[in-house]
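Bear in mind these aren't lab numbers, they're just calculated from the coordinates by the rules spelled out. All of these numbers come straight from a predicted model, not from anything done at the bench. For neighbour counting, all protein chains shown are included, and Cβ atoms are generated from backbone atoms with ideal geometry for every residue, glycine included.
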Amino acid sequence: MGVVLLWSLVVLLRWISWKRRGAISYDSSDQTALYIRMLGDVRVRSCISLEPERRGSHPYLCVDFRILHSRHDPAAPASAYSVRRLLSFQRYLHSSRRLRCGSAPPHILDDDYVGQAKCMLQRTGSWNFDIFLFDRLTNGNSLVTLTFHLFHHYGLIELFQLDMVKLRRFLVMVQEDYHSQNPYHNALHAADVTQAMYCYLQEPKLSTSLSACDILLGLLAAATHDLDHPGVNQPFLIKTNHHLAALYKNTSVLENHHWRSAVGLLRESGLFSHLPAEDGLNMEKQLGSLILATDISRQNEYLTKFREHLEKDDLCMANSSHRHFVLQMALKCADICNPCRPWELSKQWSEKVTEEFFHQGEIEKRHSLEVSPLCDSQTNTVGSIQTGFMTYVVEPLFAEWARFSDTRLSRTMLGYLALNKAGWSGALQELGGGLDEGTEASAEEPDSTALPQGSQRS
């Protein structure tokens, strides 16, 4: 009898351990992830199963962009192909590494690094915030750390009764779905845009009028506005007959994909699953409206509308549609604010986006395609591209934003913009006394299909 009771107790303890995973909250909808409710809700991959993560009921929302660089191998194992179908490119790489190498121990940061990162979070509202340093201090987790901090700062977790485990899971998946191999359009850029968006949300006209829902949407849009970006621009997708171009009928192709990818992760994580269905759909729609506003080909459309409002002085922040439009303009500013940062930060971003341009140009040359404007490293320089971008894209937008929000921050941004433009102009003069024949076209006023930095920024 004693042996039977002892065996029953062992079975019961094993069952409890299996259900609780040893003080770890287990989400049965994701067979390959465990979510620890201690030490900051760190998300740890499990090595007990080789089953790929499920992508929810909308697998088409995350697309494998590897077809831009290689062709599908029909001889590949069926299981590997299913992983590619269900995961975005970046998530596939993470999954394949786990399959090949097994589980790797989580990176543990030195206490000094963690302390410095916490100190930097106290200065998140500073326009001189060094996102590159912050990313190093957080071991490449700047987007997750910063966005989670801002949700906590605004009390959004309590206001919307968000599950912290689901929120952490959502943010980790967002960060993973940015392509780390992209020089510019990666999770670090998303973190930088999110930090800039926070600075704008702190401006008096916005901070005194925006609702909690506006703030939530603004932060979500900033964090996901370039989700699963392939590192090439819309014209490239169109001329290569990419399926996304056909799906979205050559209109805001990347922006639509970023939005749909974000919706897919929201639904997979269940972040808003506790809200009424109608409210959840409405938030997804408004999120899409914000992300679609970052389409640089529609820059003049939004800028003209903004000017008209300012001329008439009829922007009423008590009006929800007007607040939403201001959020759209704030996100547009945050997306292309790099030239308005201090030179030490701005220069790094300029070099990164140009590197991405030239990488696209090399792909086009390798496949005998017409090289896109500004993507040919033989006829363009960082300075020529940035000077044209600042003159014809950044200055007009930030001049109008300063009219709307005439604050110290707006004047600071315009001041840095002028200094950075002068810096690149001086670099051009040192290189060859100005623009030569090969780069002269970059300084002319571009059309909507040949914009400098913004042509890939989506």
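Of note:
- Legend: calculated FRET efficiency, residue 136 to residue 312, from the Cβ-Cβ distance at R0 = 60 Å, rounded to 0.05, equals 0.80.
- Counted by neighbouring Cβ atoms within 10 Å, the residues 371, 353, 393 run from fewest to most as 371, 393, 353.
- Highest-first packing order for the peptide set 194-204, 124-134, 313-323 is 194-204, 124-134, 313-323, based on the mean count of other beta carbon atoms within 10 Å.
- Ranked list, fewest to most other Cβ atoms within 10 Å of each Cβ, for 137, 216: 216, 137
- Ranked by the mean number of other Cβ atoms within 10 Å of their residues, highest first, the peptides 289-296, 345-352 come out as 289-296, 345-352.
- Each of 263, 114, 193 was scored by other Cβ atoms within 10 Å of its Cβ. Listed from fewest to most, they are 114, 263, 193.
- Length released on extending from residue 240 to residue 209, taking residue separation times 0.36 nm less the Cα-Cα span: 6.7 nm
- Residue 249 paired with residue 411, simple spin-label distance in nm, labels 7 Å along Cα-to-beta-carbon: 4.8 nm
- Using θ = phi - 60° in the Karplus curve 6.51 cos²θ - 1.76 cosθ + 1.60, the 3J(HN,Hα) couplings for the range 269-274 round to 6, x, 4, 10, 5, 7 Hz; x is entered for Gly and Pro.
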